[in-house]
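What follows is a single structure, written as structure tokens, with notes after it.
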Amino acid sequence: MSKIQLKDICCFSKGSQINGDELIDNGEYDYLNGGINPSGKWSDFNVSGGTITISEGGNSCGYVNYMPAPFWCGAHCYYLYDLRCEVKYLYYALKSQQDRIMKLRSGACMPNIKKSDIGSFTFEYTEDTSVQHIIVSNLDKVTHTIDLCNAILEKLDLLVKSRFVEMFCGTNDWKYVHIQDICTDMRTGPFGSALHHDEFVDSGVFVLGIDNAVENEFSYNRMRYITEAKYQQLKRYTVKPLDVIITIMGTVGRSAVIPIDIPLAINTKHLACLTLDRNLANSTFIAKAIQIHPELLSQLSLNSKGAIMDGLNLTIIKGLKFRLPPIALQEQFAAFVEQTDKSKLAVKQVLERAETLKKALMQEYFG
């Protein structure tokens, strides 16, 4: 392995801009204008498939991508050509250094990466083509496993959504209720001076936030803690097993069910917490209804538009209106979700192992 500058093994250029309102829904080719994913479709391509790209501007500038099929490259994206090495090898080499590439950005309002900085970017590289082939083969295999796991997880989520629509949408046989009609308690977390960031400690009582529900399922992401003494002041905000939490600030309208085995925890001002009347409503059904039910989605969208940022409040949540199916049907659906979640857990375990292996291989091959 030796150090090399990117400009020594390839050429690179930006593409041509297409206005967003000119993109077409049924275009044959992806339009990549920086960013992480294509931003639309177009009827032609200006770059062939099997090409490495680097986002040039915006919040994701420096993101390294590989486009397997022909695409239209926009003006905020570099594409690499005339490579003097195996393309997938260079892709993995640069992807392993993505954090460093992102640090090349300059500009406060609209960050971008200059062409000269891309060209002089230095990284570990081997000229031995046989070694390049081995590295690509190993990383392609583990990447395929990761892609397959993610595809399966998407299919399982779609299966749950399809079952929900099949069971609960399109019928007029059930009476309308408001969310408050099926709850025994509804509350948000502490506001104002009740809880300061400097009161968080390394261990103690969990404090939940948006991160714990933003994936539309409960996650132990970014757990924060308060002392037992502080909890005694705020214990009226305690979340209970099988409560439903809904994000009401930032990324609004995401929902999750509090796990049965959750340690002692309180919610925050960013979450609405619903304690359901279990004779009327199943927690899993309500959480999924907030994510899927067309009537609820429409009401959430209509009521969450703020002047500065999207937001909801407890009054809006209480007034959400929908047709409530019998509890037996809700529980039947919840059982289906539980079985699907078991399959998702098994796939996620394989995914985690594959991602750990890929990270280790990238570190071994490229430092």
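The values are calculated or read from the model by the stated rules, or taken from the named source; none is laboratory data. As the structure is a computational prediction, the values presented were derived from the model and not from experiment. Positions of Cβ are backbone-derived with ideal geometry, glycine not excepted, and every protein chain shown enters the neighbour counts.
So is LEU297 part of a helix (DSSP H, G or I), over 25 Å from ASP211 (Cβ atoms) and either out of contact with any Asp or Glu (no Cβ under 6 Å at 6 or more places or on another chain) or in the same structural domain as VAL142 (by TED's automatic domain parsing) (or both) or not? Quick ask: steps written out before the conclusion?
Values: part of a helix (DSSP H, G or I): yes; over 25 Å from ASP211 (Cβ atoms): no; either out of contact with any Asp or Glu (no Cβ under 6 Å at 6 or more places or on another chain) or in the same structural domain as VAL142 (by TED's automatic domain parsing) (or both): yes.
No; evaluated as a whole, the condition is false for this residue.
Name the helices (runs of 4 or more DSSP H) wholly within the range 91-206 that hold at least 2 residues that are among the hydrophobic types (A, V, I, L, M, F, W, C) and out of contact with any His (no Cβ under 8 Å at 6 or more places or on another chain)?
Details: elements: 98-102, 115-119, 129-168.
Passing ranges, in order: 98-102, 129-168.
Under 30 Å from LEU345 (Cα atoms), among the basic types (Lys, Arg) and either touching a Pro at 6+ places or on another chain (Cβ under 7 Å) or not assigned by TED's automatic domain parsing to the domain that holds LEU158 (or both): is that true of ARG187 in this structure? Steps first, please.
Working: under 30 Å from LEU345 (Cα atoms): no; among the basic types (Lys, Arg): yes; either touching a Pro at 6+ places or on another chain (Cβ under 7 Å) or not assigned by TED's automatic domain parsing to the domain that holds LEU158 (or both): yes.
For ARG187, the condition - under 30 Å from LEU345 (Cα atoms), among the basic types (Lys, Arg) and either touching a Pro at 6+ places or on another chain (Cβ under 7 Å) or not assigned by TED's automatic domain parsing to the domain that holds LEU158 (or both) - is not met.
Give me the pairs: first residue in the range 77-92 and in the same structural domain as SER55 (by TED's automatic domain parsing), second residue among the aromatic types (Phe, Trp, Tyr), beta-carbon distance under 7 Å, and six or more apart or on different chains, which are they?
TYR78/PHE12; TYR79/PHE12; LEU80/PHE12; TYR91/TYR66
Can you find a residue that is assigned to a loop (DSSP other than H, G, I, E, B) and at pLDDT 95 or above anywhere in the range 13-25?
In the first step, residues of the range 13-25 are kept if they are assigned to a loop (DSSP other than H, G, I, E, B); the result is 15-19, 23-25.
This time we only want the ones that are at pLDDT 95 or above, so: none.
The answer is no, given that none of the residues of the range 13-25 is assigned to a loop (DSSP other than H, G, I, E, B) and at pLDDT 95 or above.
Looking at the range 216-232, which of the residues that are polar (S, T, N, Q) and either over 14 Å from ILE262 (Cα atoms) or assigned to a helix (DSSP H, G or I) (or both) is nearest to the chain's Cα centre (by Cα)? Even if it seems obvious, please write down each step before you answer.
Filtering the range 216-232 down to residues polar (S, T, N, Q) leaves 216, 219, 221, 227, 232.
Adding the requirement that they be either over 14 Å from ILE262 (Cα atoms) or assigned to a helix (DSSP H, G or I) (or both) leaves 216, 227, 232.
On the way: ASN216: 10, THR227: 31, GLN232: 34 Å.
Here the residue is ASN216.
Assess whether LYS318 counts as being in a loop (DSSP other than H, G, I, E, B), in contact (Cβ under 8 Å) with a residue 60 or more places away in the chain and either in the same structural domain as PHE164 (by TED's automatic domain parsing) or surrounded by 13 or more Cβ atoms within 10 Å (Cβ to Cβ) (or both). If you could, list the steps in order and put the result at the bottom.
Working: in a loop (DSSP other than H, G, I, E, B): no; in contact (Cβ under 8 Å) with a residue 60 or more places away in the chain: yes; either in the same structural domain as PHE164 (by TED's automatic domain parsing) or surrounded by 13 or more Cβ atoms within 10 Å (Cβ to Cβ) (or both): yes.
The answer is no for LYS318.
Looking at the structure I just gave you, is GLY49 surrounded by fewer than 16 Cβ atoms within 10 Å (Cβ to Cβ) and touching a Pro at 6+ places or on another chain (Cβ under 7 Å)?
Values: surrounded by fewer than 16 Cβ atoms within 10 Å (Cβ to Cβ): yes; touching a Pro at 6+ places or on another chain (Cβ under 7 Å): yes.
Here the answer is yes, as GLY49 does meet what is asked.
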